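S.K.: What follows is a single structure, and I will ask about it in a moment.
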Amino acid sequence: SQQGEEDPQALSIQEGENATMNCSYKTSINNLQWYRQNSGRGLVHLILIRSNEREKHSGRLRVTLDTSKKSSSLLITASRAADTASYFCATDQAGTALIFGKGTTLSVSS
Amino acid sequence: DTAVSQTPKYLVTQMGNDKSIKCEQNLGHDTMYWYKQDSKKFLKIMFSYNNKELIINETVPNRFSPKSPDKAHLNLHINSLELGDSAVYFCASSHKTSGSRETQYFGPGTRLLVL
């Protein structure tokens with residue numbers, strides 16, 4: 001089945017730096033969602049961007065969507081150690097369930 | 001006041017056994033899901049129920065049988081457990097809107113280890 005692909009697979013940065021993760025997908029979508037998973041926990045919804053939106057902000061998070069390139073990016077500004085987690089994009093493709101990517105593991109060191 | 005809860009949190013069992021995982025949501029959502037997350041963190045949908053009715057059934061062995069007694073509960077029963085069933089199983093719920101899938105709320109997961 002088709003799925004989003006996050007890039008990079010792993011990212012290590014220092015506190016205060018920005019972290020950017022990318023997601024690519026294959027077919028047209030209704031919306032694209034980003035989730036965070038802390039180690040040993042369930043997924044937590046971060047942000048949803050609809051196919052007719054190009055950019056969305058939530059606190060230190062900025063998500064962009066380029067439907068012509070079938071890609072999205074998640075930017076976390078001024079990262080903190082507490083941002084250490086795995087980040088997943090999920091695409092809502094008509095007629096199917098949400099399809100999750102394989103995730104980007106972010107490590108923020110102090 | 002946990003939104004989506006699952007029991008048990010950990011499950012260690014022998015091959016061939018039958019086990020159940022329970023899920024409850026108190027968010028008033030119409031749609032509930034079961035996902036399987038493998039050791040590489042790949043998350044795959046297994047089942048989706050809307051108002052107690054099965055709407056998504058991915059390619060899952062028929063040893064897995066979901067049951068929804070009411071729209072707030074979706075349980076997963078697994079027969080004849082195999083080593084490859086070892087994974088983390090997540091329950092989730094969402095509002096269902098026509099044509100699109102909205103924010104999903106996940107439970108804490110059930111870590112299943114089959115020996």
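S.K.: With θ taken as phi - 60° and the coefficients 6.51, -1.76 and 1.60, list the Karplus ³J(HN,Hα) couplings across the range B:28-40 in order, rounded to whole Hz; mark glycine and proline as x.
M.R.: x, 6, 8, 10, 10, 9, 10, 10, 10, 10, 7, 5, 9
S.K.: Another one. If I model a spin label at A:Ser109 and B:Phe42 as a point 7 Å from the Cα along the Cα→Cβ vector, what separation in nanometres do I get?
M.R.: 3.0
S.K.: Which of A:Ser79, A:Ser68, A:Ser24 moves the most in a Gaussian network model of chain A with Cα springs under 10 Å?
M.R.: Looking only at A:Ser79, A:Ser68, A:Ser24, the biggest GNM fluctuation is shown by A:Ser68.
S.K.: Another question, if that's okay. Let me know the mean shielding of A:24-37 by other chains, meaning the per-residue number of their Cβ atoms within 10 Å of its Cβ.
M.R.: Per residue, the number of nearby Cβ atoms from other chains is 2 on average.
S.K.: Count the net charge of all other residues whose Cβ sits under 13 Å from the Cβ of A:Val44, scoring Lys and Arg as +1 and Asp and Glu as -1.
M.R.: +1
S.K.: Where a ≥ b ≥ c are the square roots of the eigenvalues of the C-alpha gyration tensor, would you call the protein assembly as shown rounded, which needs a/c under 1.5, or, failing that, prolate if a/b is larger than b/c, or oblate?
M.R.: Verdict is prolate for the protein assembly as shown.
S.K.: For B:Asp70 and A:Asp7, what is the calculated FRET efficiency with R₀ set at 41 Å and r taken between the beta-carbons, to the nearest 0.05?
M.R.: The pair B:Asp70/A:Asp7 has a calculated efficiency of 0.50.
S.K.: Could you give log10 I(q)/I(0) at q = 0.13 Å⁻¹ for the range B:8-115, computed by the Debye formula over C-alpha point scatterers of equal weight, without solvent?
M.R.: One equal scatterer on each Cα of the range B:8-115 leads to -0.44.
S.K.: Considering the dipole of the range B:58-109 built from charges on the beta carbon (Lys and Arg +1, Asp and Glu -1) around the Cα centre, which of B:Tyr105, B:Pro61, B:Val88 is farthest to its positive end?
M.R.: The residue sitting most towards the positive pole is B:Tyr105.
S.K.: Let me ask something else about it. If one computes the Cα centroid of the range A:49-68 and of the range A:70-101, what distance in Å separates the two points?
M.R.: First find each Cα centre; the distance between them is then 11 Å.
S.K.: Within the set A:Lys69/B:Lys52; A:Lys26/B:Lys52; A:Lys70/B:Lys52; A:Lys56/B:Lys52; B:Lys44/B:Lys71, which residue pairs have Cα atoms separated by over 28 Å?
M.R.: A:Lys69/B:Lys52; A:Lys26/B:Lys52; A:Lys70/B:Lys52; A:Lys56/B:Lys52
S.K.: Once phi is turned into ³J(HN,Hα) by the Karplus curve 6.51 cos²θ - 1.76 cosθ + 1.60 with θ = phi - 60°, what whole-Hz value does each residue of the range B:68-82 show in order, with x for glycine and proline?
M.R.: Here the 3J(HN,Hα) series is 10, x, 7, 6, 8, 10, 9, 9, 10, 10, 10, 9, 6, 4, 10 Hz.
S.K.: Where a Cα-Cα gap under 19 Å defines reach, which lysines qualify for B:Lys41, not counting those fewer than 8 residues away within the same chain?
M.R.: Leaving aside lysines fewer than 8 places away in the same chain, those within reach of B:Lys41 are A:Lys102, B:Lys9.
S.K.: Another question, if that's okay. Let me know the mean shielding of B:33-44 by other chains, meaning the per-residue number of their Cβ atoms within 10 Å of its Cβ.
M.R.: The shielding value for this peptide is 4.
S.K.: If you don't mind, there's one more thing I want to ask. If packing is taken as the average number of other Cβ atoms within 10 Å across a peptide's residues, how do B:28-40, A:97-109 rank, most packed first?
M.R.: Numbers: B:28-40: 18.8, A:97-109: 20.7.
Sorting B:28-40, A:97-109 by mean packing, highest first, produces A:97-109, B:28-40.
S.K.: Also, quick follow-up: For the range A:13-96, what's the relative contact order in percent, using C-alpha pairs closer than 8 Å and at least 6 residues apart?
M.R.: 43
S.K.: Run the dipole for chain B about the Cα centre, Lys and Arg Cβ at +1, Asp and Glu Cβ at -1, nothing else charged, and hand back the magnitude in debye, nearest 20.
M.R.: Using only the charged Cβ atoms, the result is roughly 200 debye.
S.K.: Turning to a different aspect of this structure: What is the sum of charges around B:Ala87, taking Lys and Arg as +1, Asp and Glu as -1, for the other residues whose C-beta is under 12 Å from the C-beta of B:Ala87?
M.R.: For residues surrounding B:Ala87, the net value is +2.
Where a number appears in this text, it was derived from the coordinates with a stated rule and is not lab data. As the structure is a prediction and not an experimental result, all values here were calculated from the model. No Cβ is skipped: glycine too gets one built from the backbone with ideal geometry, and neighbour counts run over all protein chains shown.
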